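Visitor: Please read through the structure below; I'll follow up with questions.
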Amino acid sequence: MALPLVWFADVLRAAGLRVVETPGWRTRTASGPPPRPVGVLEHHTATPASYARPAPTVQMCIDGRPDLDGPLCHAVIGYDGTVHVIAAGRANHAGKAKASGPNPGGDGNALYVGLEWDYAGNTPPSPQQYDAAVRANAAVLRHLGRTAESARAHAETSVTGKWDPGFAPGKTIDMARFRSDVAHAMTGAPTTALAPPGGIEAMAFADRFKDWAGNPQTVESWMNNVDRRVAELHHAVLGLQKSRIPGDSNETNGANLWPDTANWANQTLGHVVGIRAALANVQGVDPAAVADALRPALVELVGPVVAEAVHAALGADNQDQADAIVTELAQRLAGREAVA
């Protein structure tokens, strides 16, 4: 006997989504009552993902965890927007659900089609991922004969305090806007590369915003800062004496190098974000690919200067601490996700 969601992949593909059918998905189900869905439930996997590694959690969602049998969802939406179909039967993704919007409370695994957005949750999903989630919800809800209001976040149905899908610790995606985007998609209007609420909006070079320190900036001024900062740091390292860069009233010496390098490294990473945001308006340019391509250059340019500065500032008596700091900075410049 066919499982309830055997139509799933075809409906997603008809909506123009890139679909990967995992082997055995049409017969995969968890134990318990089969789903009779009235809505779609959104989750994030809490696993760091990237364009280079867009769907690292697919197999775990198939197999389950030591504390919970798989499948853990009906589909995983990768960071690149690809939808990996996992199961056509029951999935252990929702647990007990409280009533939310037009949807009743009860057995969430029977009430909802479960979508896992494969990203960490302490940063926003990618625009392609968010866009795919919007289009997948629109397609499924049309098939079910439900409205966009039946798309709910796990945070809206959980009885145990879940807050996914989120864009920062404890901060959930704006579901009112998400449902508005789903309703728009259900009309058949194009939705390509929608920006995730709470994420990076497309910015032009002249657009104004506040930087990491709360200072007014434009994208262009923020990007330009890194040039002077790297030059200032390098100049200070050369002699480890008090020095002053032309046009800068601040003195820098060896004692200040560690806090300065930490701040400058953060600003440098911020420029990757700024470049990505600025390029989001350029037709045919993949901002994430540009950002990823820049990281090796940042490591090569900034890494040796930072390493030299940290070792000089902390001295031979603190070699282990200096090495640990340099390693951590190098990993973050290279794009390693922060560990919660």
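Visitor: State which residue pairs qualify: first residue within 10 Å of Ala75 (Cβ to Cβ) and inside region 15-29, second residue part of a loop (DSSP other than H, G, I, E, B) in any location, beta carbons under 7 Å apart, and separation of 6 or more residues or different chains.
Guide: Val20/Thr82; Thr22/Ile86; Trp25/Ile86; Trp25/Ala87; Trp25/Ala88
Visitor: Kindly indicate the residue of region 145-161 that is closer than 12 Å to Glu42 by Cβ and either part of a helix (DSSP H, G or I) or without any contact (Cβ under 8 Å) to a residue 24 or more places away in the chain (or both) and also farthest from the chain's Cα centre (by Cα) among those meeting that condition. Spell out the reasoning first.
Guide: Narrowing region 145-161 to residues closer than 12 Å to Glu42 by Cβ: 150-158.
Restricting the remaining residues to those that are either part of a helix (DSSP H, G or I) or without any contact (Cβ under 8 Å) to a residue 24 or more places away in the chain (or both) gives 150, 154-157.
Numbers: Ser150: 24, His154: 17, Ala155: 17, Glu156: 20, Thr157: 22 Å.
Per the criteria, the residue is Ser150.
Visitor: Is there a residue in region 47-61 that is among the β-branched types (Val, Ile, Thr) and either assigned to a loop (DSSP other than H, G, I, E, B) or under 12 Å from the mean Cα position of the chain (by Cα) (or both)?
Guide: yes
Visitor: Among the residues of region 63-77, is there at least one that is in contact (Cβ under 8 Å) with a residue 60 or more places away in the chain, out of contact with any Gly (no Cβ under 6 Å at 6 or more places or on another chain) and in the same structural domain as Leu141 (by TED's automatic domain parsing)?
Guide: yes
The values are calculated or read from the model by the stated rules, or taken from the named source; none is laboratory data. All values derive from a computational prediction rather than experimental measurement. A quick note on method: Cβ atoms are made from the backbone with ideal geometry, for glycine too, and the neighbour counts reach across all protein chains shown.
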